[in-house]
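Chemist: I'd like to ask you about the structure that follows.
The values are calculated or read from the model by the stated rules, or taken from the named source; none is laboratory data. Predicted model only: the values in this text are computed from it and were never measured. Cβ placement follows ideal geometry from the backbone for every residue including glycine, while neighbour counts extend to all protein chains displayed. Heavy atoms of the whole protein, side chains included, go into the accessibility calculation; ligands, DNA and RNA do not. Shrake-Rupley method; radii C 1.70, N 1.55, O 1.52, S 1.80 Å.
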Amino acid sequence: QVQLVESGGGSVRPGGSHRLSCEVSGFSLDYYGIGWFRQAPGKEREAVSCINTKDESTYYTDAVKGRFTISREKDKATVYLLMNSLKPEDTAVYYCAADYSGTFYYTPLCLDSDGMDFWGKGTLVTVSS
């Protein structure tokens, strides 16, 4: 059993910065990819950012490029999403997810929710004045 627990959600002012954390625990930390997805009220879930651990490459959806940064601790147990220049449209429940089956070992781009095997329950980020 693998558990992913997000934390750091809350209310943030437009233009502000905020950081989310994802703690990974359980069977192992040998995931092939790990990333963040989000779902805004009334909208479909979308990819935000991910890390492919094969070569430590990172990927971002166009909506957050230049504003968000994904990173992880050396021990692989904690993954972060630093969010800068936040906009009201960033308001969403943010989910952490990981690939343990190897999907992204063969497919470098890890912004596909279908390739993720374990998911956290999400944390709500509200951007408003």
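Chemist: Please give every one of the aspartates and glutamates within straight-line cross-link reach of Lys54, meaning a C-alpha to C-alpha distance under 14 Å, and leave out same-chain neighbours fewer than 8 residues apart.
Modeler: Of all the aspartates and glutamates, those that pass the test against Lys54 - Cα under 14 Å, at least 8 places apart if same chain - are Asp30, Asp99.
Chemist: Cα convex hull of the stretch 22-88: mean projected area in nm², to one decimal?
Modeler: 5.4
Chemist: Hey, got a sec? Which chymotrypsin sites (Phe, Trp or Tyr not before Pro) in the stretch 1-67 land in a DSSP loop and have at most 12 other Cβ atoms within 10 Å?
Modeler: Answer in residue order: Phe27.
Chemist: Calculate the translational D of the chain in whole µm² s⁻¹ from Stokes-Einstein, where the hydrodynamic radius comes from the Kirkwood formula applied to all Cα pairs, the temperature is 37 °C and the viscosity 0.692 mPa s.
Modeler: For these conditions, the coefficient is 227 µm²/s.
Chemist: Still on this structure, I have one more. Calculate what fraction, in whole %, of the accessible area of the stretch 1-68 sits on carbon and sulfur atoms when a 1.4 Å probe is rolled over the protein chains.
Modeler: Taking all protein chains in place, the stretch 1-68 shows 46 percent carbon and sulfur surface.
Chemist: Roll a 1.4 Å probe over the protein chains and send me the accessible area per residue for the stretch 1-62 in Å².
Modeler: 53
Chemist: Right, here's the next one. Summing +1 for each Lys or Arg and -1 for each Asp or Glu, what net charge is found among the other residues whose Cβ lies under 11 Å from the Cβ of Leu111?
Modeler: Charge balance in the 11 Å sphere: -4.
Chemist: A follow-up question, please. So which lysines pass the test for Lys87, namely a Cα distance under 24 Å, with those fewer than 8 places away in the same chain ruled out?
Modeler: Excluding near neighbours in sequence, the set is Lys43, Lys65, Lys121.
Chemist: Loop-only check: which trypsin sites (Lys or Arg not before Pro) in the stretch 1-57 are DSSP coil with at most 15 other Cβ within 10 angstrom?
Modeler: Lys43, Arg45, Lys54
Chemist: For the chain, what is the calculated [θ] at 222 nm in deg cm²/dmol (nearest 500), taking -39500 (n - 2.57) for each run of four or more DSSP H residues and dividing by its residue count?
Modeler: -500 deg cm²/dmol
Chemist: Here is a follow-up. Leaving out ligands and nucleic acids, and using a 1.4 Å probe, what accessible area per residue does the stretch 83-129 come to in Å²?
Modeler: 49
Chemist: Taking the stretch 26-129, which GluC sites (Glu not before Pro) meet the DSSP loop condition and have no more than 13 other C-beta atoms within 10 Å?
Modeler: Glu44, Glu56, Glu73
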